[in-house]
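The values are calculated or read from the model by the stated rules, or taken from the named source; none is laboratory data. In this text, all values refer to a predicted model and were calculated from it rather than measured experimentally. Here the Cβ positions follow ideal geometry from the backbone for every residue, glycine too, while neighbour counts run over all protein chains shown.
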Amino acid sequence: MSGQFLSELKPFIQEAWKKSGFEQPTMIQTDAIPAIIEGKDVIAESPTGTGKTLAYLLPVLNKVDPEKRAVQAVILASSQELVMQILQEVQKWAEGSGLKGASFIGGANLKRQLEKLKKHPQVVIGTPGRTYELIKQKKLKMHEVKTVVLDEGDQLLVPEHMGTVQNIVKSTLGDRQVLLFSATLPKETEKMAQALTVEPKILKVEKDETIQSGKVEHLYIVSEQRDKIKVLEKVTRIDGIKALAFIKDIGNLTVTKEKLDFKGIEAGLLHSDLNKFDRQKAVKELRSGKSNLLFSTDVAARGLDIKGVTTVVHFDFPKDVTQYIHRSGRTGRAGAEGQVISIVTEREERELKKFARELDLLLEKRVFYKGELIAEEER
(Lines give C-alpha, C1' and ligand atoms only; values in the text may rest on other atoms or scores of the structure.)
Protein backbone atom coordinates (compact mmCIF):
# COMPACT_ATOMS: atom_id res chain seq x y z
CA MET A 1 0.00 0.00 0.00
CA SER A 2 1.85 3.06 -1.16
CA GLY A 3 1.07 6.65 -0.29
CA GLN A 4 2.39 7.44 3.17
CA PHE A 5 -0.97 8.69 4.40
CA LEU A 6 -2.75 5.42 3.68
CA SER A 7 -0.97 3.74 6.57
CA GLU A 8 -2.48 6.39 8.88
CA LEU A 9 -6.04 5.44 7.98
CA LYS A 10 -8.11 3.07 10.12
CA PRO A 11 -7.58 -0.68 9.56
CA PHE A 12 -11.00 -1.21 7.90
CA ILE A 13 -10.07 1.31 5.18
CA GLN A 14 -6.65 -0.27 4.66
CA GLU A 15 -8.36 -3.65 4.39
CA ALA A 16 -10.83 -2.34 1.79
CA TRP A 17 -7.95 -0.76 -0.15
CA LYS A 18 -6.15 -4.12 -0.33
CA LYS A 19 -9.37 -5.78 -1.50
CA SER A 20 -10.02 -3.11 -4.12
CA GLY A 21 -6.89 -4.03 -6.09
CA PHE A 22 -5.85 -0.35 -6.48
CA GLU A 23 -2.09 -0.14 -6.63
CA GLN A 24 -1.37 3.42 -5.75
CA PRO A 25 -3.44 6.50 -5.01
CA THR A 26 -4.18 8.92 -7.86
CA MET A 27 -2.78 12.44 -7.84
CA ILE A 28 -5.90 14.04 -6.38
CA GLN A 29 -6.01 11.40 -3.61
CA THR A 30 -2.35 12.00 -2.74
CA ASP A 31 -2.98 15.78 -2.60
CA ALA A 32 -6.35 15.82 -0.85
CA ILE A 33 -6.33 13.00 1.71
CA PRO A 34 -3.53 14.36 3.95
CA ALA A 35 -5.05 17.87 3.85
CA ILE A 36 -8.47 16.51 4.86
CA ILE A 37 -6.99 14.34 7.63
CA GLU A 38 -5.34 17.50 8.98
CA GLY A 39 -8.76 19.11 9.15
CA LYS A 40 -8.32 21.72 6.41
CA ASP A 41 -11.13 22.95 4.18
CA VAL A 42 -10.44 21.87 0.60
CA ILE A 43 -11.53 23.13 -2.83
CA ALA A 44 -10.38 20.61 -5.45
CA GLU A 45 -10.58 20.35 -9.22
CA SER A 46 -9.61 17.12 -10.95
CA PRO A 47 -10.75 15.55 -14.26
CA THR A 48 -13.37 12.81 -14.52
CA GLY A 49 -12.09 9.34 -13.75
CA THR A 50 -9.27 10.40 -11.43
CA GLY A 51 -10.68 9.01 -8.18
CA LYS A 52 -12.24 12.15 -6.69
CA THR A 53 -14.88 10.28 -4.68
CA LEU A 54 -12.31 8.31 -2.68
CA ALA A 55 -10.18 11.43 -2.29
CA TYR A 56 -12.80 12.80 0.13
CA LEU A 57 -14.56 9.60 1.18
CA LEU A 58 -11.63 7.78 2.77
CA PRO A 59 -10.60 10.62 5.11
CA VAL A 60 -14.27 11.38 5.90
CA LEU A 61 -15.00 7.74 6.83
CA ASN A 62 -11.75 7.72 8.79
CA LYS A 63 -12.97 10.62 10.93
CA VAL A 64 -16.46 9.35 11.69
CA ASP A 65 -17.01 7.64 15.03
CA PRO A 66 -19.06 4.44 14.54
CA GLU A 67 -19.89 4.34 18.27
CA LYS A 68 -21.83 7.61 18.01
CA ARG A 69 -25.40 7.21 16.81
CA ALA A 70 -25.51 10.64 15.20
CA VAL A 71 -25.01 12.07 11.71
CA GLN A 72 -21.40 13.29 11.50
CA ALA A 73 -20.86 13.86 7.77
CA VAL A 74 -23.15 15.13 5.01
CA ILE A 75 -22.31 14.65 1.34
CA LEU A 76 -24.34 16.71 -1.15
CA ALA A 77 -24.64 15.87 -4.84
CA SER A 78 -26.81 17.41 -7.53
CA SER A 79 -28.24 14.29 -9.16
CA GLN A 80 -30.06 11.27 -7.79
CA GLU A 81 -27.76 8.87 -9.66
CA LEU A 82 -24.68 10.44 -8.15
CA VAL A 83 -26.19 10.21 -4.65
CA MET A 84 -26.90 6.49 -5.14
CA GLN A 85 -23.45 5.91 -6.54
CA ILE A 86 -21.76 7.62 -3.57
CA LEU A 87 -23.90 5.55 -1.18
CA GLN A 88 -22.65 2.36 -2.87
CA GLU A 89 -19.06 3.54 -2.36
CA VAL A 90 -19.76 4.36 1.30
CA GLN A 91 -21.16 0.87 1.82
CA LYS A 92 -18.21 -0.73 0.06
CA TRP A 93 -15.50 1.21 1.92
CA ALA A 94 -17.17 1.15 5.35
CA GLU A 95 -17.53 -2.61 5.37
CA GLY A 96 -16.73 -4.13 8.76
CA SER A 97 -16.56 -0.72 10.48
CA GLY A 98 -20.06 -0.51 11.90
CA LEU A 99 -20.60 2.76 10.01
CA LYS A 100 -23.93 3.33 8.29
CA GLY A 101 -24.73 5.53 5.32
CA ALA A 102 -28.17 6.64 4.12
CA SER A 103 -29.35 8.45 1.00
CA PHE A 104 -32.02 11.13 0.72
CA ILE A 105 -33.32 12.22 -2.67
CA GLY A 106 -36.19 14.40 -3.83
CA GLY A 107 -39.17 12.58 -5.26
CA ALA A 108 -38.64 9.51 -3.05
CA ASN A 109 -41.14 8.47 -0.40
CA LEU A 110 -40.65 10.78 2.60
CA LYS A 111 -41.99 8.28 5.15
CA ARG A 112 -39.49 5.65 4.07
CA GLN A 113 -36.69 8.20 4.27
CA LEU A 114 -37.66 9.03 7.86
CA GLU A 115 -37.42 5.31 8.66
CA LYS A 116 -33.80 5.43 7.44
CA LEU A 117 -33.01 8.23 9.90
CA LYS A 118 -34.32 6.11 12.80
CA LYS A 119 -31.49 3.65 12.08
CA HIS A 120 -28.99 6.39 13.04
CA PRO A 121 -26.74 6.66 9.99
CA GLN A 122 -23.44 8.48 10.60
CA VAL A 123 -23.04 9.51 6.96
CA VAL A 124 -25.84 11.13 4.98
CA ILE A 125 -25.71 11.52 1.19
CA GLY A 126 -28.41 13.66 -0.39
CA THR A 127 -29.63 16.13 -2.95
CA PRO A 128 -29.74 19.70 -1.53
CA GLY A 129 -33.53 20.18 -1.65
CA ARG A 130 -34.51 17.04 0.19
CA THR A 131 -31.63 17.30 2.69
CA TYR A 132 -32.62 20.84 3.64
CA GLU A 133 -36.28 19.87 3.89
CA LEU A 134 -35.35 17.20 6.48
CA ILE A 135 -33.23 19.71 8.41
CA LYS A 136 -36.07 22.25 8.49
CA GLN A 137 -38.46 19.56 9.74
CA LYS A 138 -35.88 18.87 12.48
CA LYS A 139 -35.77 15.23 11.34
CA LEU A 140 -32.15 15.46 10.24
CA LYS A 141 -30.14 16.77 13.17
CA MET A 142 -26.98 18.59 12.20
CA HIS A 143 -25.48 19.50 15.58
CA GLU A 144 -22.82 16.77 15.41
CA VAL A 145 -21.96 17.18 11.72
CA LYS A 146 -18.28 17.98 11.41
CA THR A 147 -17.90 17.60 7.65
CA VAL A 148 -19.91 18.77 4.63
CA VAL A 149 -18.84 17.61 1.16
CA LEU A 150 -20.04 19.20 -2.08
CA ASP A 151 -19.50 16.63 -4.82
CA GLU A 152 -19.46 17.98 -8.41
CA GLY A 153 -19.48 21.36 -6.66
CA ASP A 154 -19.93 23.42 -9.81
CA GLN A 155 -23.37 21.79 -10.24
CA LEU A 156 -24.31 22.67 -6.64
CA LEU A 157 -23.11 26.27 -6.51
CA VAL A 158 -25.57 27.47 -9.13
CA PRO A 159 -28.34 30.01 -8.46
CA GLU A 160 -31.07 27.35 -7.99
CA HIS A 161 -29.16 25.44 -5.27
CA MET A 162 -26.90 28.12 -3.83
CA GLY A 163 -29.19 29.35 -1.02
CA THR A 164 -30.10 25.82 0.02
CA VAL A 165 -26.45 24.71 0.10
CA GLN A 166 -25.49 27.77 2.19
CA ASN A 167 -28.29 27.02 4.65
CA ILE A 168 -27.22 23.38 4.98
CA VAL A 169 -23.60 24.38 5.65
CA LYS A 170 -24.71 27.00 8.19
CA SER A 171 -26.82 24.45 10.07
CA THR A 172 -23.70 22.50 11.14
CA LEU A 173 -21.10 23.06 13.86
CA GLY A 174 -19.10 26.29 13.76
CA ASP A 175 -15.79 24.46 13.42
CA ARG A 176 -17.05 22.32 10.55
CA GLN A 177 -14.88 21.22 7.64
CA VAL A 178 -16.15 21.99 4.13
CA LEU A 179 -14.83 20.02 1.13
CA LEU A 180 -15.70 20.82 -2.47
CA PHE A 181 -14.74 18.55 -5.35
CA SER A 182 -15.43 19.11 -9.03
CA ALA A 183 -14.27 18.08 -12.50
CA THR A 184 -14.36 21.72 -13.56
CA LEU A 185 -14.06 24.77 -11.38
CA PRO A 186 -15.16 27.96 -13.13
CA LYS A 187 -13.91 31.20 -11.52
CA GLU A 188 -17.33 32.13 -10.12
CA THR A 189 -17.79 28.67 -8.55
CA GLU A 190 -14.40 29.00 -6.89
CA LYS A 191 -15.41 32.42 -5.51
CA MET A 192 -18.63 31.04 -4.02
CA ALA A 193 -16.73 28.07 -2.61
CA GLN A 194 -14.28 30.46 -0.94
CA ALA A 195 -17.22 32.13 0.80
CA LEU A 196 -18.36 28.79 2.27
CA THR A 197 -14.90 27.76 3.48
CA VAL A 198 -12.23 29.04 5.86
CA GLU A 199 -8.68 29.37 4.51
CA PRO A 200 -9.22 26.48 2.12
CA LYS A 201 -6.44 24.51 0.49
CA ILE A 202 -7.00 24.83 -3.27
CA LEU A 203 -5.94 21.78 -5.27
CA LYS A 204 -5.90 21.54 -9.05
CA VAL A 205 -4.95 18.46 -11.01
CA GLU A 206 -4.82 19.28 -14.72
CA LYS A 207 -4.00 15.84 -16.07
CA ASP A 208 -3.67 12.67 -14.09
CA GLU A 209 -1.08 10.09 -15.00
CA THR A 210 -3.89 7.51 -15.17
CA ILE A 211 -5.11 9.05 -18.42
CA GLN A 212 -1.55 9.00 -19.76
CA SER A 213 -0.93 5.44 -18.62
CA GLY A 214 -1.11 4.07 -22.17
CA LYS A 215 -3.75 1.53 -21.23
CA VAL A 216 -6.30 3.58 -23.12
CA GLU A 217 -6.00 3.57 -26.91
CA HIS A 218 -7.02 6.73 -28.70
CA LEU A 219 -8.31 5.86 -32.18
CA TYR A 220 -10.21 7.73 -34.86
CA ILE A 221 -12.20 6.95 -37.98
CA VAL A 222 -12.72 9.51 -40.74
CA SER A 223 -16.23 9.73 -42.15
CA GLU A 224 -18.58 12.14 -43.90
CA GLN A 225 -21.00 13.73 -41.41
CA ARG A 226 -23.97 11.85 -42.86
CA ASP A 227 -22.17 8.48 -42.69
CA LYS A 228 -21.22 8.76 -39.02
CA ILE A 229 -24.27 6.72 -38.06
CA LYS A 230 -23.14 3.84 -40.33
CA VAL A 231 -19.72 3.90 -38.67
CA LEU A 232 -21.33 3.87 -35.23
CA GLU A 233 -23.43 0.89 -36.26
CA LYS A 234 -20.22 -1.00 -37.14
CA VAL A 235 -18.66 0.04 -33.83
CA THR A 236 -21.59 -1.50 -31.90
CA ARG A 237 -20.99 -4.80 -33.65
CA ILE A 238 -17.40 -5.11 -32.37
CA ASP A 239 -17.11 -8.16 -30.15
CA GLY A 240 -17.53 -7.60 -26.40
CA ILE A 241 -17.98 -3.84 -26.68
CA LYS A 242 -19.74 -1.67 -24.08
CA ALA A 243 -19.74 1.82 -25.52
CA LEU A 244 -20.77 5.22 -24.25
CA ALA A 245 -21.35 7.57 -27.21
CA PHE A 246 -21.44 11.33 -26.72
CA ILE A 247 -23.84 13.53 -28.66
CA LYS A 248 -24.14 17.30 -28.18
CA ASP A 249 -27.85 17.82 -27.80
CA ILE A 250 -30.98 15.96 -26.83
CA GLY A 251 -32.63 16.41 -30.26
CA ASN A 252 -29.79 14.70 -32.13
CA LEU A 253 -29.64 12.04 -29.46
CA THR A 254 -33.20 10.92 -30.07
CA VAL A 255 -32.93 11.01 -33.87
CA THR A 256 -29.71 8.98 -33.85
CA LYS A 257 -31.18 6.40 -31.49
CA GLU A 258 -34.25 6.03 -33.74
CA LYS A 259 -32.00 5.37 -36.75
CA LEU A 260 -30.18 2.63 -34.84
CA ASP A 261 -33.44 1.14 -33.52
CA PHE A 262 -34.48 0.81 -37.15
CA LYS A 263 -31.34 -1.27 -37.77
CA GLY A 264 -32.19 -3.50 -34.83
CA ILE A 265 -29.53 -2.10 -32.49
CA GLU A 266 -30.66 -1.62 -28.92
CA ALA A 267 -29.16 1.54 -27.51
CA GLY A 268 -29.91 3.28 -24.23
CA LEU A 269 -30.37 7.02 -23.74
CA LEU A 270 -29.08 9.28 -21.01
CA HIS A 271 -30.15 12.92 -20.87
CA SER A 272 -31.35 15.33 -18.23
CA ASP A 273 -34.98 15.42 -19.41
CA LEU A 274 -35.52 11.73 -18.69
CA ASN A 275 -37.02 10.66 -15.40
CA LYS A 276 -34.91 8.93 -12.77
CA PHE A 277 -36.32 5.48 -13.55
CA ASP A 278 -35.51 5.63 -17.28
CA ARG A 279 -31.98 6.88 -16.62
CA GLN A 280 -31.29 4.10 -14.11
CA LYS A 281 -32.71 1.53 -16.51
CA ALA A 282 -30.45 2.73 -19.35
CA VAL A 283 -27.32 2.53 -17.18
CA LYS A 284 -28.33 -0.86 -15.78
CA GLU A 285 -28.87 -2.32 -19.27
CA LEU A 286 -25.39 -1.27 -20.33
CA ARG A 287 -23.84 -2.61 -17.12
CA SER A 288 -25.60 -5.96 -17.47
CA GLY A 289 -24.80 -6.24 -21.18
CA LYS A 290 -28.46 -6.12 -22.28
CA SER A 291 -27.49 -3.22 -24.53
CA ASN A 292 -23.95 -2.48 -25.64
CA LEU A 293 -24.39 1.19 -26.47
CA LEU A 294 -25.51 4.12 -24.35
CA PHE A 295 -25.96 7.58 -25.85
CA SER A 296 -25.36 10.48 -23.55
CA THR A 297 -25.15 14.25 -23.50
CA ASP A 298 -22.18 15.74 -21.66
CA VAL A 299 -24.31 17.05 -18.82
CA ALA A 300 -26.13 13.75 -18.21
CA ALA A 301 -22.87 11.80 -17.86
CA ARG A 302 -21.46 14.11 -15.17
CA GLY A 303 -20.21 12.17 -12.16
CA LEU A 304 -21.61 8.86 -13.39
CA ASP A 305 -19.28 5.91 -13.03
CA ILE A 306 -20.58 3.23 -15.35
CA LYS A 307 -18.65 0.09 -14.62
CA GLY A 308 -17.00 -1.74 -17.47
CA VAL A 309 -17.30 0.84 -20.26
CA THR A 310 -14.80 -0.54 -22.79
CA THR A 311 -15.17 2.27 -25.30
CA VAL A 312 -16.00 5.95 -25.37
CA VAL A 313 -17.21 7.21 -28.74
CA HIS A 314 -16.99 10.88 -29.66
CA PHE A 315 -19.89 10.87 -32.14
CA ASP A 316 -20.26 14.64 -32.05
CA PHE A 317 -16.90 16.32 -31.84
CA PRO A 318 -15.98 17.63 -28.35
CA LYS A 319 -16.11 21.41 -28.04
CA ASP A 320 -12.60 21.65 -26.57
CA VAL A 321 -9.72 19.67 -25.15
CA THR A 322 -11.24 19.62 -21.64
CA GLN A 323 -14.41 18.03 -22.93
CA TYR A 324 -12.30 15.44 -24.78
CA ILE A 325 -10.55 14.56 -21.50
CA HIS A 326 -13.78 14.40 -19.46
CA ARG A 327 -15.58 12.20 -21.97
CA SER A 328 -12.57 9.97 -22.51
CA GLY A 329 -12.13 9.53 -18.75
CA ARG A 330 -15.25 7.34 -18.74
CA THR A 331 -13.22 4.35 -19.90
CA GLY A 332 -9.99 2.86 -18.58
CA ARG A 333 -10.94 4.01 -15.09
CA ALA A 334 -8.60 3.24 -12.22
CA GLY A 335 -6.03 1.72 -14.53
CA ALA A 336 -8.29 -0.63 -16.53
CA GLU A 337 -7.85 -0.92 -20.29
CA GLY A 338 -10.12 0.98 -22.62
CA GLN A 339 -10.39 2.68 -25.97
CA VAL A 340 -11.57 6.02 -27.19
CA ILE A 341 -12.92 6.22 -30.74
CA SER A 342 -13.56 9.58 -32.38
CA ILE A 343 -15.71 9.51 -35.50
CA VAL A 344 -14.56 12.64 -37.33
CA THR A 345 -14.98 14.53 -40.58
CA GLU A 346 -11.79 15.66 -42.35
CA ARG A 347 -12.13 19.11 -40.79
CA GLU A 348 -12.56 17.60 -37.31
CA GLU A 349 -9.57 15.33 -37.90
CA ARG A 350 -7.28 18.37 -38.01
CA GLU A 351 -8.74 19.63 -34.72
CA LEU A 352 -8.39 16.19 -33.10
CA LYS A 353 -4.71 16.01 -34.05
CA LYS A 354 -4.25 19.37 -32.31
CA PHE A 355 -5.85 17.93 -29.13
CA ALA A 356 -3.55 14.91 -29.30
CA ARG A 357 -0.46 17.13 -29.56
CA GLU A 358 -1.64 19.21 -26.63
CA LEU A 359 -2.32 16.12 -24.47
CA ASP A 360 0.70 14.24 -25.73
CA LEU A 361 -1.49 11.29 -26.82
CA LEU A 362 -0.65 8.64 -29.36
CA LEU A 363 -3.54 8.94 -31.82
CA GLU A 364 -4.07 6.20 -34.38
CA LYS A 365 -6.23 6.17 -37.49
CA ARG A 366 -8.37 3.07 -38.09
CA VAL A 367 -10.63 1.73 -40.83
CA PHE A 368 -13.22 -1.05 -40.79
CA TYR A 369 -12.33 -4.17 -42.73
CA LYS A 370 -14.62 -7.22 -42.54
CA GLY A 371 -16.11 -5.89 -39.30
CA GLU A 372 -12.70 -5.46 -37.65
CA LEU A 373 -11.06 -2.15 -36.76
CA ILE A 374 -7.61 -2.21 -38.35
CA ALA A 375 -4.83 0.19 -39.34
CA GLU A 376 -5.14 1.24 -43.01
CA GLU A 377 -1.86 -0.38 -44.01
CA GLU A 378 -3.03 -3.79 -42.76
CA ARG A 379 -5.76 -4.00 -45.38
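If you go through the stretch 17-50, how many residues are at pLDDT below 85 and closer than 14 Å to residue 184 by Cα? Total satisfying the criteria: 4.
Evaluating residue 283 against the criteria (1) modelled with pLDDT under 80; (2) closer than 19 Å to residue 330 by Cβ; (3) among the β-branched types (Val, Ile, Thr) leaves one unmet condition, (1). Please indicate, with yes or no, whether at least one residue in the stretch 175-187 is closer than 26 Å to residue 301 by Cβ, in a helix (DSSP H, G or I) and assigned by TED's automatic domain parsing to the domain that holds residue 70. Among the residues of the stretch 175-187, at least one is closer than 26 Å to residue 301 by Cβ, in a helix (DSSP H, G or I) and assigned by TED's automatic domain parsing to the domain that holds residue 70, which makes the answer yes.
Per-residue answers, yes or no, for (1) polar (S, T, N, Q); (2) surrounded by 15 or more Cβ atoms within 10 Å (Cβ to Cβ); (3) in the same structural domain as residue 41 (by TED's automatic domain parsing); (4) over 19 Å from residue 36 (Cβ atoms):
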site	(1), (2), (3), (4)
55	no, yes, yes, no
66	no, yes, yes, no
70	no, no, yes, yes
77	no, yes, yes, no
96	no, no, yes, yes
104	no, yes, yes, yes
118	no, no, yes, yes
130	no, yes, yes, yes
143	no, no, yes, yes
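Residues considered: 168, 250, 221. Of these, the only one that is among the hydrophobic types (A, V, I, L, M, F, W, C) and modelled with pLDDT under 90 is 250. Contact annotation: residue pairs with Cβ atoms under 7 Å, 6 or more positions apart or on different chains, pairing a residue in the stretch 37-60 that is free of Cβ contacts under 8 Å to residues at least 40 places away in the same chain and assigned to a helix (DSSP H, G or I) with a partner that is buried (at least 22 other Cβ atoms within 10 Å of the Cβ) and polar (S, T, N, Q), are 54/29. With respect to residue 199, determine if the residue is of a type in the set (Asp, Glu), exposed (fewer than 15 other Cβ atoms within 10 Å of the Cβ) and at pLDDT below 90. The answer is no for residue 199. Which members of the stretch 232-241 meet the condition of being surrounded by 19 or more Cβ atoms within 10 Å (Cβ to Cβ) and not aliphatic (A, V, I, L, M)? Selection gives 236 alone.
Return yes or no: is residue 123 farther than 30 Å from residue 324 by Cβ, in the same structural domain as residue 29 (by TED's automatic domain parsing) and either in contact with a Gly (Cβ under 8 Å, 6 or more places away or on another chain) or at pLDDT 90 or above (or both)? Yes, satisfied.
So that you can scan it fast, the table gives a plain yes or no per residue for (1) crowded, with 17+ Cβ neighbours inside 10 Å; (2) not aliphatic (A, V, I, L, M):
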residue: 246; (1), (2): yes, yes
residue: 266; (1), (2): no, yes
residue: 279; (1), (2): yes, yes
residue: 282; (1), (2): yes, no
residue: 290; (1), (2): no, yes
residue: 300; (1), (2): yes, no
residue: 309; (1), (2): yes, no
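Yes or no: the stretch 144-161 includes at least one residue that is without any contact (Cβ under 8 Å) to a residue 12 or more places away in the chain, within 28 Å of residue 46 (Cα to Cα) and in a helix (DSSP H, G or I).
yes
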